[in-house]
Amino acid sequence: MSRLYTIGEMLIDFIPLQTGRPLHEVTSFKRAPGGAPANVAAAAAKYGSPSYLLTKLGQDAFGDYLLQELQNAGVNAEHVRRTDEAGTGLAFVSLKENGERDFSFYRNPSADLLLREDEIDPAWFAPGDILHFGSVDLVDSPMKTAHRKAIRAAKTAGGIVSFDPNVRLPLWRSADDCRRAILEFLPAAHLIKISDEELEFVTGISDTETAILSLMRGDVQAVVYTRGADGAELYTRSGRYAAPGFPVKALDTTGAGDAFVGGLLHRLLELNADPDRLSALLDRHHADILLFANASGALTTTGSGAISALPDRGAIESLIAGRSSAV
């Protein structure tokens with residue numbers, strides 16, 4: 001089976017023990033492993049895909065904790081580097097009553113931003129592998145150049161490149177800097193996942209369909225547009241498909257989008273996707289792929305944290321079967 005590589009941040013999410021309060025009123029937290037690339041890798045690993053994270057952690061207690069949690073989640077950590085030049089990244093989260101989040105990040109810089117391009121080995125990648133990344137670590141740093149090298153290497157090897165902008169404006173000097181970085185890297189991906197909260201910001205277009213179609217440039221073959229509890233839509237160069245969400249009682253939406261992506265990429269790996277067949281494969285298997293990804297994301301909101309709340313494959317299949325039997 002081909003492998004999933006994710007590149008970018010892994011950090012500590014400090015989850016509040018009180019909900020419905022703004023961050024400045026929260027008095028106690030519990031720690032949980034987080035960072036979108038790590039969450040995606042953990043989800044795919046939990047569902048059975050060989051998964052690797054490319055990142056750098058601090059030579060500190062938080063880095064020790066994250067490395068252990070990554071390995072406990074089934075992710076191969078052999079390419080995770082350590083450094084004493086910066087500490088491991090931290091994110092403090094507050095939760096509204098509906099499970100939505102507010103973030104405060106501590107990294108100036110954090111260890112992940114110090115991963116260098118010479119620490120990326122093109123020999124890691126093989127045909128049919130998937131490389132996934134987000135925008136959080138595309139700020140000007142050694143990590144940004146490491147992304148460029150990893151993307152080139154994955155594509156040269158015959159792999160698929162997946163991109164989730166995952167906009168986190170507090171981490172950027174300005175919204176324009178964030179948007180420019182996303183638009184620079186977007187054409188290099190074969191597959192884009194973008195949420196309803198991010199689409200207009202990234203494209204500058206208010207009409208949803210026009211905005212989505214504007215992303216179909218460069219090497220982009222497909223766009224997955226997620227709408228939270230309302231499900232997701234898939235746009236390929238030849239089709240448009242929709243799948244409803246699953247009604248669940250959301251406790252914490254942290255990591256739900258990453259669980260969605262992890263489920264989607266896991267199914268693509270199971271289907272032996274490659275860049276030449278990606279669009280046709282998505283056209284053929286869209287219903288199964290979107291159902292699995294939607295169920296993965298929905299069930300993750302019923303727990304607390306990201307990696308710690310990931311469902312197992314049996315729970316996903318049970319949720320999907322329950323919908324099928326109700327139809």
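No value in this document is a laboratory result; all are computed from the given coordinates. Remember, it's a predicted structure, so these values are computed and weren't measured experimentally. Please note: Cβ atoms are built from the backbone with ideal geometry, for glycine as well, and neighbour counts cover all protein chains shown.
List of remarks:
- Subset of segment 124-159 that is touching an Asp or Glu at 6+ places or on another chain (Cβ under 9 Å), hydrophobic (A, V, I, L, M, F, W, C) and surrounded by 18 or more Cβ atoms within 10 Å (Cβ to Cβ) - its residue that is nearest to K56 (Cα to Cα): M143
- Any hit, segment 164-180, residues being crowded, with 21+ Cβ neighbours inside 10 Å, of a type in the set (F, W, Y) and in contact with a helix residue (DSSP H, G or I) (Cβ under 7 Å, 6 or more places away or on another chain): no
- Selection from segment 199-210 of residues that are crowded, with 20+ Cβ neighbours inside 10 Å and of a type outside the set (S, T, N, Q): L199, V202
- Subset tally (residues that are assigned to a helix (DSSP H, G or I) and more than 21 Å from the chain's Cα centre (by Cα)) for segment 118-127: 4
- Checking the stated criteria, G58 turns out to be touching a Ser or Thr at 6+ places or on another chain (Cβ under 7 Å), among the small types (G, A, S) and touching a residue at least 40 places away in the same chain (Cβ under 8 Å).
- Only one of the listed residues (Y52, Y65) is closer than 27 Å to R152 by Cα and among the aromatic types (F, W, Y). That residue is Y52.
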